[in-house]
Amino acid sequence: MTAIVVLGSTNMDLVTYVARAPKLGETVTGREFRTIPGGKGANQAVAAARAGGDVAMVGAVGADEFGEQLRHTLVASGVDTDLLRTAEGPSGTAHIVVDDEGGNSIVVIPAANGTVTCLGPGDETLIAAADSLLLQLELPLSAVLAGAEAGRRHGVRTVLTPAPAQPLPPELLAAVDLLVPNEHEAAMLTGVADPRAAADALLRQVPEVVITLGAAGSLYTARGMEPVTVPAPRVTAVDTTGAGDTFVGALTVALGEGRPMPEAMAWASAAASLCVQRPGASTSMPYRTEIEV
């Protein structure tokens, strides 16, 4: 079983469903509201665990009811939370609007996540024993960098999802093995709109890149090779929240099992296609038996 450590965020998603998202200054009436455990780190941990990985979560929840619910959700999905800290104050929240096309807009309030500024006791030992380390950008960059450098020291495959998109320090990219942005994040990082050209630009900083393209699938390239595009299954999206995290979690499990990258991408796309057909993030993520049907 692939050993995966996720250093990342835990948030309670506060999700409002509307026919269309409001414009600036506009009020619209929604049809439903849900609280759903999420956060990019926790989402990737749940996705990887359900896909068959042996997953441990490093980060922080708040000393509140949301924190208890977030921890319970991870444990229920088989994620080890022994090194998930409890910080004073509230847990992180994500305020999400989902429209009838399945699109979403999100405001994240870090709260407890913002207290994770460095690795804590036992974190590096846990990382050193893993096959893969998953990172995102909803924790302070100092913690992300510390995790990536620990992964590099111990020869652990380090996978970074550069979201929310922001300029990345060269020392972080130097410690990353695989970068997995979506097409918008890739464009923001490079200033290049075309995914293939953006991937080429990113290869100057990291050895491997997978760019997710939504319904169009995903694009992979590595130094010295031609890009490969893997299509995604055609489905009707209900809610795209968590799709990218599902892809990354499943992709990491597949790579840890020794699958070739195109096969791993296809398997991850199958997982993400199941996710978007259901509402919510962690609640919509498929189990291995579903992905392999």
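Any read-out appearing in this document is the output of simple, stated calculations on the displayed coordinates, not a laboratory observation. Since the model is a prediction, treat every value here as computed from it, not as a measurement. Every residue, glycine among them, receives a Cβ derived from its backbone with ideal geometry; neighbour counts consider all protein chains shown.
Could you order the peptides 161-170, 33-42 from most to least packed, using the average number of other C-beta atoms within 10 Å per residue?
Packing order, densest peptide first, comes out as 33-42, 161-170.
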Whether the chain is rounded, prolate or oblate, judged on the alpha carbon gyration tensor where a/c under 1.5 counts as rounded: rounded
Extension gain, GLU226 back to HIS95 (0.36 nm per residue minus Cα-Cα distance, nm): 43.2 nm
Charged-residue dipole, Cβ positions (Lys, Arg, Asp, Glu), segment 90-220 about Cα centre, Debye nearest 20: 360 debye
At R0 = 35 Å, FRET efficiency that the Cβ-Cβ distance of HIS154 and ARG204 yields, to 0.05: 0.90
18 Å cut-off, amide nitrogen to a point 7 angstrom out along THR289 Cα→Cβ, residues in segment 265-283: 271, 274-275
Simple Cβ-charge dipole of segment 1-109, Lys/Arg +1 and Asp/Glu -1, about Cα centre, in debye nearest 20: 180 debye
Long-range HN-HN contacts of ALA281 with modeled amide H, under 5 Å: none
Net lengthening on full extension, LEU24/ALA129 (0.36 nm per residue, minus Cα-Cα): 33.0 nm
Gain on full stretching of the segment that runs from VAL75 to ALA237 - 0.36 nm per residue minus C-alpha separation: 55.5 nm
Top positive-direction residue, dipole computed over the chain with Cβ charges, set ALA143, LEU189, SER284: LEU189
Amide H within-cut-off set for VAL55, under 5 Å, with H built and near neighbours excluded: ILE4, ASP80
Cα-centred dipole magnitude for the chain, charges only on beta-carbon of K, R (+1) and D, E (-1), debye, nearest 20: 260 debye
Choice from ALA60, ALA237, ALA76 showing the highest fluctuation, given a GNM over the chain with Cα pairs closer than 10 Å: ALA76
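Among rounded, prolate and oblate, which fits segment 155-293 when a ≥ b ≥ c are the square roots of the eigenvalues of its C-alpha gyration tensor, a/c under 1.5 means rounded, and a/b larger than b/c means prolate?
It is prolate, given that a/c is not under 1.5 and a/b is the larger ratio.
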Using θ = phi - 60° and Karplus 6.51 cos²θ - 1.76 cosθ + 1.60, couplings along segment 231-241 (whole Hz; Gly, Pro as x): x, 9, x, 8, 9, 9, 7, 9, 7, 8, 4
